[in-house]
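A quick write-up on the structure given underneath.
The values are calculated or read from the model by the stated rules, or taken from the named source; none is laboratory data. If you're wondering where the values come from, they're calculated on a predicted model, not measured in any experiment. A quick note on method: Cβ atoms are made from the backbone with ideal geometry, for glycine too, and the neighbour counts reach across all protein chains shown.
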Amino acid sequence: MLAFDTIADAIQAIRSKTISSTQLVRYALAQIDKLDPAIKAFNSVYPDQSLARAKEVDAGRITGPLAGVPIALKDNICTTFGTTTCSSKILANFRSPYAATVAKKLEAAGAIILGKTNLDEFARGSSTENSAFGPTRNPWDTARVPGGSSGGSAAALAAGMCCASIGSDTGGSIRQPASLCGLVGLKPTYGRVSRYGLVAYASSLDQIGPLAWTVADAATLLNVIAGHDPNDSTSVPHPRPDYLAHLHQPIKGLRLGIAKEYQLASGIDPQVKTAVAAAIKTYQALGAQLVDVSLPHTEYGIAAYYIIAPCEASSNLARYDGVHFGHRTKEPVRDIIELFSKSRAEGFGEEVQRRIMIGTYALSSGYYDAYYLRALKVRTLIRRDFDNAFTHCHAILCPTSPVPAFAVGEKSADPLQMYLVDVFTVTANIAAIPGISLPCGFTAAPKPLPIGLQLLGPAFTEQKLLRIAQMYESATPWHNHRPPLA
């Protein structure tokens, strides 16, 4: 059972000396060697460094709440070792001169970073098919996608290549892969976890968070990575509670909001509807009261997101020009403009180019007010919708993804259909609130696919959100299911 150890299991085994950290890391590396050629979860792996660090744990020279636990890191989070590529040709050989705050906190807690995981290029995608290094496959069915953009982080964990992983979430990029891979995925409140060292996609939306097998594991990771960081101007100096404290204590008088706009959303797979309806009944059996709430501007969420995010992406990606750093064309050029143009055309993939063009157009003279400014006004309305709804309930319940894992290539030719996969997740980023996805069932045989349930809460209520999620997890078996790997 080493392949699927939770963080809690791994820590207990290491501390009781049932297994050494070195053995655990060797097993994880063997799983990567065996399974990753088919799944392609990792962009880079650090076996020598990981084993050396595991030996230090076993010798008692490295300690901490995550001592000896092998973890995977999304390849848009900077480390001073290895490359940080963002799964893009333009950064294929980039080595960061500094480490992200999250990476430093994980190592200070004793975690062992096995490697960097694949993602949609610069986190722009919902399937991990847009990587310059090839698509990642879903361990439940390798003909299907793992979700995105943190698909590599989700697939690595689901395949038993690590005990937990770290992703980033700009419009659902932690929660949606968690849903499609049968995991727990948490997007913290914007400002709760430092973004210092996270390569920016959309700076007002990005947030780093954990992927894990259980709610308790997610809480353990959040305990380590959350907290104020003076290096990040968007980091909020809000007190960080102990997310494990009272985790198994149910919320008395729990009120769960059911938004009519989510119930009326089109394109929801019938099996997703059935699984989420069953989850609602489970909560009712646990004593929860259902409350009807309204989020009237939900229908504009996707449109607002795909203006705000590309506009910020257009600005953030301007630095990759073939001069400062990153890929530089080897073709002859006549002037600096042609150097920029050729370097960027060679270095950026199709989806990244599409979003740069959308953002640049929306920010251009004569269109700023019509698109970007209007999208920001919609953002305010969406945030107010959530504020109003949370006066009536502790959390809002809905599907994470309208569909289970879809086939590789199924939506690639239709960007709009791909964007609509994020219909239930983007508004949490727009409103800067926390959200968590947890497994709530499976589709029918012959190849059952995971289905995810999403809980959304007010800003900085991760502790309460985790307790609500734990109530459901304790009453259901879904978190114990694993992919049928050879």
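Being of a type outside the set (Val, Ile, Thr), modelled with pLDDT under 95 and more than 16 Å from the chain's Cα centre (by Cα): is that true of residue 477 here? Let's see the steps before the verdict.
Values: of a type outside the set (Val, Ile, Thr): yes; modelled with pLDDT under 95: no; more than 16 Å from the chain's Cα centre (by Cα): yes.
No: the conditions fail for residue 477.
Can you tell me which residue among 262, 306, 320, 300 is closer than 20 Å to residue 437 by Cα and either of a type in the set (A, V, I, L, M, F, W, C) or in contact (Cβ under 8 Å) with a residue 24 or more places away in the chain (or both)? Outline the logic, then answer.
Values: 306 fails: closer than 20 Å to residue 437 by Cα; 320 fails: closer than 20 Å to residue 437 by Cα; 300 fails: closer than 20 Å to residue 437 by Cα.
Among 262, 306, 320, 300, only 262 is closer than 20 Å to residue 437 by Cα and either of a type in the set (A, V, I, L, M, F, W, C) or in contact (Cβ under 8 Å) with a residue 24 or more places away in the chain (or both).
How many residues are polar (S, T, N, Q) and assigned to a strand (DSSP E or B) if we restrict to region 384-439? Walk me through it before giving the result.
Going through region 384-439, the residues polar (S, T, N, Q) turn out to be 388, 391, 400-401, 412, 417, 425, 427, 429, 437.
Those still in the list that are assigned to a strand (DSSP E or B) too: 437.
Of the residues in that region, 1 qualify.
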Could you check residue 116 against (1) in a helix (DSSP H, G or I); (2) buried (at least 19 other Cβ atoms within 10 Å of the Cβ) and say which number it fails?
(1)
Being hydroxyl-bearing (Ser, Thr, Tyr), within 22 Å of residue 478 (Cα to Cα), buried (at least 24 other Cβ atoms within 10 Å of the Cβ) and touching a strand residue (DSSP E or B) at 6+ places or on another chain (Cβ under 9 Å) narrows it down to one residue among 220, 214; which is it?
220
Going residue by residue through region 320-327, is there one that turns out to be touching a helix residue (DSSP H, G or I) at 6+ places or on another chain (Cβ under 7 Å), assigned to a helix (DSSP H, G or I) and buried (at least 18 other Cβ atoms within 10 Å of the Cβ)?
no
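What are the residues in region 373-388 that are of a type outside the set (Asp, Glu) and either buried (at least 20 other Cβ atoms within 10 Å of the Cβ) or touching a Ser or Thr at 6+ places or on another chain (Cβ under 7 Å) (or both), if any? Let's see the steps before the verdict.
Initial filter on region 373-388 (of a type outside the set (Asp, Glu)): 373-384, 386, 388.
Once the filter is applied, which keeps residues that are of a type outside the set (Asp, Glu) and either buried (at least 20 other Cβ atoms within 10 Å of the Cβ) or touching a Ser or Thr at 6+ places or on another chain (Cβ under 7 Å) (or both), region 373-388 yields 375, 379, 382, 386.
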Within region 333-365, residues being at pLDDT 90 or above, part of a loop (DSSP other than H, G, I, E, B) and either over 23 Å from residue 416 (Cα atoms) or of a type outside the set (Gly, Ala, Ser) (or both) number 4
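Restricting to region 440-471, count the residues that are on the phi < 0 side of the Ramachandran plot and in a loop (DSSP other than H, G, I, E, B).
If we filter region 440-471 for residues that are on the phi < 0 side of the Ramachandran plot, which is where we start, we get 440, 442-459, 461-471.
Next cut, in a loop (DSSP other than H, G, I, E, B) only: 443-449, 457-459, 461.
Residues flagged as on the phi < 0 side of the Ramachandran plot and in a loop (DSSP other than H, G, I, E, B) within region 440-471 amount to 11.
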Region 54-93, residues that are surrounded by fewer than 24 Cβ atoms within 10 Å (Cβ to Cβ), in contact with a helix residue (DSSP H, G or I) (Cβ under 8 Å, 6 or more places away or on another chain) and not in a loop (DSSP other than H, G, I, E, B)
55, 58, 89
Total residues in region 189-231, condition in contact with an Asp or Glu (Cβ under 7 Å, 6 or more places away or on another chain), among the β-branched types (Val, Ile, Thr) and not in a helix (DSSP H, G or I):
2
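Which of the following residues is over 22 Å from the mean Cα position of the chain (by Cα) and of a type in the set (A, V, I, L, M): 288, 304, 309?
Of 288, 304, 309, the one residue that is over 22 Å from the mean Cα position of the chain (by Cα) and of a type in the set (A, V, I, L, M) is 288.
Okay, residues lined up against (1) of a type in the set (Val, Ile, Thr); (2) more than 21 Å from residue 106 (Cα to Cα); (3) crowded, with 24+ Cβ neighbours inside 10 Å:
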residue	(1), (2), (3)
133	no, yes, no
138	no, yes, yes
141	no, yes, no
161	no, no, yes
164	no, no, yes
182	no, yes, yes
185	no, no, yes
204	no, yes, no
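Which is among the acidic types (Asp, Glu) and not in a loop (DSSP other than H, G, I, E, B), of 107, 129? Lay out the reasoning, then the answer.
Numbers: 129 fails: not in a loop (DSSP other than H, G, I, E, B).
When all the criteria are applied, what remains is 107.
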